[in-house]
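Just below is one structure, and these are the notes that go with it.
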Amino acid sequence: MIDTVTSVNDIVIRLTDERWAHITEEHSELAGMRFDILETVAQPVKIYQGGKDELIALREIYVGKFWL
């Protein structure tokens, strides 16, 4: 499965199953949050400049009794 969203910069972002598996191998706390990640890319609350010219989308998500 390949999910796609359009970023706030009007760039189409694809998230393949292979990439998602790679992400959740390193960040197991994100397992089950694929939709939330895609939504964050499409509608972030804040955007930060990363260290290698990338942009980092940010949004707080309430899970159970914790904000992530």
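For the stretch 25-52, what are the residues that are outside any helix (DSSP H, G or I) and touching a helix residue (DSSP H, G or I) at 6+ places or on another chain (Cβ under 6 Å)? Show your work before the answer.
Filtering the stretch 25-52 for residues outside any helix (DSSP H, G or I) gives 27, 31-33, 43-52.
ALA31, the sole residue that qualifies.
Which residue out of ASP3, ASP10 is among the acidic types (Asp, Glu), modelled with pLDDT of 90 or more and surrounded by 10 or more Cβ atoms within 10 Å (Cβ to Cβ)? Write out each step before concluding.
Values: ASP10 fails: surrounded by 10 or more Cβ atoms within 10 Å (Cβ to Cβ).
Being among the acidic types (Asp, Glu), modelled with pLDDT of 90 or more and surrounded by 10 or more Cβ atoms within 10 Å (Cβ to Cβ) holds for just one of ASP3, ASP10, which is ASP3.
Number of residues in the stretch 11-58 that are charged (D, E, K, R) and out of contact with any strand residue (DSSP E or B) (no Cβ under 8 Å at 6 or more places or on another chain): the value is 9. Considering ALA21, ALA42, ALA57, which residue is at pLDDT 95 or above and out of contact with any Cys (no Cβ under 6 Å at 6 or more places or on another chain)? Residue meeting the stated conditions: ALA21.
Scanning the stretch 30-68 for residues that are more than 18 Å from SER7 (Cβ to Cβ) and exposed (fewer than 11 other Cβ atoms within 10 Å of the Cβ) yields GLY32, GLY51, GLU60, TYR62, GLY64, LYS65, PHE66, TRP67.
Of everything in the stretch 3-31 that is in contact with a Leu (Cβ under 7 Å, 6 or more places away or on another chain) and not acidic (Asp, Glu), the residue that is farthest from ALA57 (Cα to Cα) is THR24.
Is there any pair with a first residue in the stretch 40-63 that is in contact (Cβ under 8 Å) with a residue 40 or more places away in the chain and within 20 Å of LEU15 (Cα to Cα) and a second that is polar (S, T, N, Q) and surrounded by 12 or more Cβ atoms within 10 Å (Cβ to Cβ) whose Cβ atoms are under 9 Å apart and which are 6 or more apart or on different chains, and what are they? Filtered contacts from the stretch 40-63: LEU55/SER7; ALA57/SER7; ALA57/THR40; ALA57/GLN43.
The values are calculated or read from the model by the stated rules, or taken from the named source; none is laboratory data. Here the structure is a predicted model, which is why all the values come from computation and not from measurement. Note: ideal-geometry Cβ built from the backbone for every residue, glycine included; neighbour counts use all protein chains shown.
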